[in-house]
Amino acid sequence: MRFTRSGRTIAGDQATPLLILGEDAGVVMPSGCRMGICFGCVAPVRSGQVRDLRTNQVHGEAGELIQTCISTAATDVELEL
């Protein structure tokens, strides 16, 4: 997991939300409800794919906005944060 603007990198697993990984890496992460309701945690994907923890759907294209509180890495991921 890499955060391009901050230059931070952290190893994660496919179960931990990206929001938590970012906070653990010391990245200031936008957030709100932490349940996927408010969309306060959206961030653009630079590369890689994510899995929605609610639906198990894998997605992610460059520039796509994802909710970090309900998404986990499906591949190596770069977020523009």
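Inspect all residues belonging to the stretch 67-80 and state whether any of them is under 11 Å from the mean Cα position of the chain (by Cα) and either over 15 Å from Leu21 (Cα atoms) or without any contact (Cβ under 8 Å) to a residue 24 or more places away in the chain (or both).
No.
Collect the residues in the stretch 45-60 that are surrounded by fewer than 16 Cβ atoms within 10 Å (Cβ to Cβ) and closer than 17 Å to Leu81 by Cβ, keeping them in residue-number order.
Ser47
Pairs, please: C-beta under 9 Å, at least 6 apart or cross-chain, first residue closer than 9 Å to Ile66 by Cα and at pLDDT 95 or above and in the stretch 29-44, second part of a loop (DSSP other than H, G, I, E, B) and among the charged types (D, E, K, R)?
Pairs that qualify, where the first residue is closer than 9 Å to Ile66 by Cα and at pLDDT 95 or above and the partner is part of a loop (DSSP other than H, G, I, E, B) and among the charged types (D, E, K, R), are Cys41/Arg34; Ala43/Glu80; Pro44/Glu64; Pro44/Glu80.
If you take the residues of the stretch 1-30 that are under 9 Å from the mean Cα position of the chain (by Cα) and assigned to a loop (DSSP other than H, G, I, E, B), which of them is farthest from Glu80 (Cα to Cα)?
Pro17
The values are calculated or read from the model by the stated rules, or taken from the named source; none is laboratory data. On a predicted model such as this, the values are computed, not experimentally measured, just so you know. With ideal geometry, Cβ positions are generated from the backbone for all residues, glycine too; neighbour counts draw on all protein chains shown.
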